[in-house]
DNA sequence: AAAGACACCTGGGAGC
DNA sequence: TGCTCCCAGGTGTCTT
């Protein structure tokens, strides 16, 4: 569920319920996530106001009086806006109870997510080595070309590396490479600048479009559904192994790159 | 230095 | 029905 568009949608979804509100209670039912939730937060957070919600890579950042709460949804996490009387589910690990009565509930069955704290005037180590945002001007052709120069690593693994560019997960990496006509296995250093330019444009176009569509599920999200879909019918290759290419009708193939499944069209992608 | 392997964890689906 | 095995949207860290 949580690729960058879903994280962005989540940020927009919780902002109206948290910004300018004071956090009245921080409830932790299961502190063992990817890293333990700092115990001190239960004492430290209540009373602090949430000034703004923003996103960096796939981290959701709540700017508060004395620092920022970092939330990462991992592979299976979600945040929902609920009311205090909503029954607590098996994997509902954390509640942010706001003074206006709404509750931001963190659910994460696989517990690969994170809830950490970044004090004012400091940058958490997890955020220090991140590459540029894919939708920013810093992610451009010259930049990506420089990141690929001399690299034997596959282009798919290259664009999924957070140090190169953030927020490009398995779904959108697969889709962008299809749209750009590039074989996901191709060595990053053996792709022309012109083709990398196409890839940069497609990454931006697809993420931007997905965010737009993610926005359409905002109402459901806020209503407590909490499961914005990723529009399966619009995917060209991801999850379509052995099916036919929507463009040329060839049978799609699957390979594994960096332990991740990668579906591609052997005819459209070179 | 770069690239690959492995780790964390639960649930769902396929196959027997 | 039920068991076992494999796979899944992420990403930091350890090993070659």
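The values are calculated or read from the model by the stated rules, or taken from the named source; none is laboratory data. Keep in mind the model is a prediction, meaning the values are calculated, not measured. Here the Cβ is made from the backbone with ideal geometry for all residues, glycine too, and neighbour counts use every protein chain on show.
Can you tell me which residue is nearest to DNA strand B (Cβ to nearest atom) among those in region A:81-111 that are in a strand (DSSP E or B) and under 16 Å from the mean Cα position of the chain (by Cα)?
Here is the first cut: in region A:81-111, the residues in a strand (DSSP E or B) are A:81-83, A:92-98, A:102-107.
From what's left, under 16 Å from the mean Cα position of the chain (by Cα): A:106-107.
On the way: A:106: 15, A:107: 11 Å.
Checking each candidate, the answer is A:107.
Of the residues that make up region A:113-123, is at least one within 17 Å of residue A:6 (Cβ to Cβ) and surrounded by 16 or more Cβ atoms within 10 Å (Cβ to Cβ)?
yes
Filter region A:116-137 for residues that are outside any loop (DSSP other than H, G, I, E, B), within 16 Å of DNA strand B (Cβ to nearest atom) and over 15 Å from the mean Cα position of the chain (by Cα) and give the result.
If the condition is that a residue be outside any loop (DSSP other than H, G, I, E, B), within 16 Å of DNA strand B (Cβ to nearest atom) and over 15 Å from the mean Cα position of the chain (by Cα), then A:116 is the only one that fits.
Please work out which one of (1) free of Cβ contacts under 8 Å to residues at least 40 places away in the same chain; (2) more than 18 Å from residue A:101 (Cβ to Cβ) is the condition residue A:58 fails and give its number.
Only one criterion is unmet by residue A:58, namely (1).
Do we have residue A:189 as over 23 Å from the mean Cα position of the chain (by Cα), more than 15 Å from DNA strand B (Cβ to nearest atom) and surrounded by 14 or more Cβ atoms within 10 Å (Cβ to Cβ) here?
Criteria not met by residue A:189.
If you go through region A:198-250 one residue at a time, how many are at pLDDT 90 or above and on the phi > 0 side of the Ramachandran plot?
Qualifying residue count, region A:198-250: 3.
Determine, yes or no, whether residue A:170 is surrounded by fewer than 21 Cβ atoms within 10 Å (Cβ to Cβ) and within 19 Å of residue A:209 (Cβ to Cβ).
yes
Just wondering, is there one or more residues in region A:146-156 that are assigned by TED's automatic domain parsing to the domain that holds residue A:236, more than 30 Å from residue A:31 (Cα to Cα) and under 17 Å from the mean Cα position of the chain (by Cα)?
yes
Which count do you get for residues in region A:62-80 that are surrounded by fewer than 20 Cβ atoms within 10 Å (Cβ to Cβ) and more than 12 Å from DNA strand B (Cβ to nearest atom)? Give the steps one after another, and end with the answer.
First, pick out the residues of region A:62-80 that are surrounded by fewer than 20 Cβ atoms within 10 Å (Cβ to Cβ): A:63, A:65-67, A:70, A:74-76.
Narrowing further to those that are more than 12 Å from DNA strand B (Cβ to nearest atom): A:63, A:65-67, A:70.
Residues flagged as surrounded by fewer than 20 Cβ atoms within 10 Å (Cβ to Cβ) and more than 12 Å from DNA strand B (Cβ to nearest atom) within region A:62-80 amount to 5.
Just to check your reading of the model, which residue among A:200, A:165 is buried (at least 21 other Cβ atoms within 10 Å of the Cβ), within 16 Å of DNA strand B (Cβ to nearest atom) and within 18 Å of residue A:135 (Cβ to Cβ)?
The match here is A:165.
Since residue A:4 meets every condition but one in (1) away from DNA strand C (no atom under 16 Å from the Cβ); (2) at pLDDT below 95, which condition does it not meet?
(1)
Go through region A:37-56 and give me each residue that's surrounded by 21 or more Cβ atoms within 10 Å (Cβ to Cβ) and either on the phi > 0 side of the Ramachandran plot or not in a loop (DSSP other than H, G, I, E, B) (or both).
A:50, A:53
Residue under question is residue A:23, and the condition is that it be more than 24 Å from the chain's Cα centre (by Cα) and in a strand (DSSP E or B); does it hold?
yes
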